[in-house]
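I have placed the structure first, in the form of structure tokens, so that the comments after it can refer back to it.
The values are calculated or read from the model by the stated rules, or taken from the named source; none is laboratory data. Everything numeric here is computed off the predicted structure, so don't read it as measured data. Cβ atoms come from the backbone with ideal geometry, glycine included; neighbour counts cover every protein chain shown. In case anyone asks, the SASA skips ligands and DNA or RNA and just uses the protein heavy atoms, side chains included. Shrake-Rupley method; radii C 1.70, N 1.55, O 1.52, S 1.80 Å.
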Amino acid sequence: MTKGGVQMLDDKKDGFFSVCNSGSQWSLDQNNVYPGGLFASVGQMGIEFGVSPDSPSPRDNGGIKAPFSDFFLNYLPSQEETRVVGVAEGEAASKTKKKVGLKLKIKVSNPSLRRLISGAIAGAVSRTCVAPLETIRTHLMVGSSGSSTLEVFNNIVQTDGWKGLFRGNFVNVIRVAPSKAIELFAFDTVNKQLSPTPGEEPKIPIPSSLVAGACAGVSSTLLTYPLELVKTRLTIEKNMYDGILDAFLKILQKEGPGELYRGLAPSLIGVIPYAATNYFAYDTLRKVYRKVLKEEKIGNIETLLIGSLAGAISSSATFPLEVTRKQMQVGALNGRQVYKNVFHALSSILKQEGIHGLYKGLGPSCMKLVPAAGISFMCYEACKRILVDKDEEV
């Protein structure tokens, strides 16, 4: 071609083609492409796409350097810089995604108050969840609505509807919330005092959690027993009282203040082994979990299962005393026999109903106590993670 012709493809190896040899160049080198790289020199016909300021073989046959090539060199980032920035941004985004999620934290500086609040919430939630099973269990123990779980359930629903399954639950929550708060507070305090520090000799010859559990059960029972008796009366004699206050007043007027603590002895006798076994089993199972799986942190599901298993062990071991306590609390209602003491009640039940009478209602009791224990421990541990001393993760 002559100089005035159009040379569509140049035989040079630098990847450029020229139009009319007038200096119009287009770089096909992908390593030197910049965004927005379109600049024209009017009158000189110098048009370059993706101008490379450091091109190893710039065109000299009439080619014109783009007027803004220095701008590219000084102000636009190179591909390597862009790649580094992109990696840094990606890591930052990854960290941000990991932190995404609802993490509720409430600052409560007093550790004793944190335990009390956590225990109260745990008790209220767990008891409300299993209120229907608690109602069926109480009816089975005193034999007021049938002899089987299904029969009692049908009688309650037919007589009072679904609301009948939750009868007395408000009283139960009022009783359980402070009871569980006091119980967990006492357990943590006593257990902390009796537990030896690393490398120290044990302070007592038996596990500290066993003693702490017994102390926790006694403390909570002494403070909340009258509410337990009123709750039982409201569940069994639903037409005799109009509410909590009315039940308290009628019991005080007709039966005296001592009636509010009827059955306290079997309750204490039953609570001591139950609470001791429950907390000892829970503490031991948590230690075994950490040792076997070598994980310090225990999740909510694991806590639920560990707490449920601890509840099953303690409930089965102390159930006969629970039956005796319920029988003594009902008293002479509906012409029932009045028991003089714990041993009189145990012997009378064995004589009239046999060993089966001491375990009447064990099935629904485990159905209620096992999940209640698991839910209670799970809520307690979750609340402790929410209630923190200061703004930090626990």
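One table, with the values for the structure above:
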read-out	value
Test: residue in the range 142-150 that is surrounded by 20 or more Cβ atoms within 10 Å (Cβ to Cβ), more than 23 Å from the chain's Cα centre (by Cα), in a helix (DSSP H, G or I) and touching a residue at least 24 places away in the same chain (Cβ under 8 Å)	yes
Residue within the range 188-195 that is charged (D, E, K, R), open to solvent by 20 Å² or more (accessible area, probe 1.4 Å) and closer than 19 Å to residue 268 by Cβ present	no
Selected residue (criterion: modelled with the highest pLDDT) from residues of the range 97-113 that are open to solvent by 50 Å² or more (accessible area, probe 1.4 Å) and within 24 Å of residue 192 (Cβ to Cβ)	113
Qualifying residue in the range 121-141 (condition: open to solvent by 40 Å² or more (accessible area, probe 1.4 Å), over 29 Å from the mean Cα position of the chain (by Cα), over 30 Å from residue 186 (Cβ atoms) and of a type in the set (A, V, I, L, M, F, W, C))	no
Options 211, 218; residue that is at pLDDT 90 or above, under 24 Å from residue 137 (Cα atoms) and not basic (Lys, Arg)	218
Qualifying positions in the range 221-245 - closer than 18 Å to residue 326 by Cβ and not hydrophobic (A, V, I, L, M, F, W, C)	221, 224, 225, 226, 228, 231, 232, 233, 235, 237, 238, 241
Count of residues meeting criterion [open to solvent by less than 50 Å² (accessible area, probe 1.4 Å) and either in contact with a Phe, Trp or Tyr (Cβ under 9 Å, 6 or more places away or on another chain) or modelled with pLDDT of 90 or more (or both)] in the range 252-265	3
Condition check for residue 288: over 24 Å from residue 180 (Cα atoms), in a helix (DSSP H, G or I) and either without any contact (Cβ under 8 Å) to a residue 40 or more places away in the chain or of a type in the set (A, V, I, L, M, F, W, C) (or both)	yes
Options 337, 253, 329; residue that is assigned to a loop (DSSP other than H, G, I, E, B) and out of contact with any strand residue (DSSP E or B) (no Cβ under 7 Å at 6 or more places or on another chain)	337
Residue match in the range 195-210 (condition: in contact (Cβ under 8 Å) with a residue 12 or more places away in the chain and acidic (Asp, Glu))	no
Breaking point among (1) open to solvent by less than 30 Å² (accessible area, probe 1.4 Å); (2) modelled with pLDDT of 85 or more, for residue 329	(2)
Of all residues in the range 202-241 being closer than 24 Å to residue 155 by Cβ and not in a helix (DSSP H, G or I), the one that is most open to solvent (accessible area, probe 1.4 Å)	239
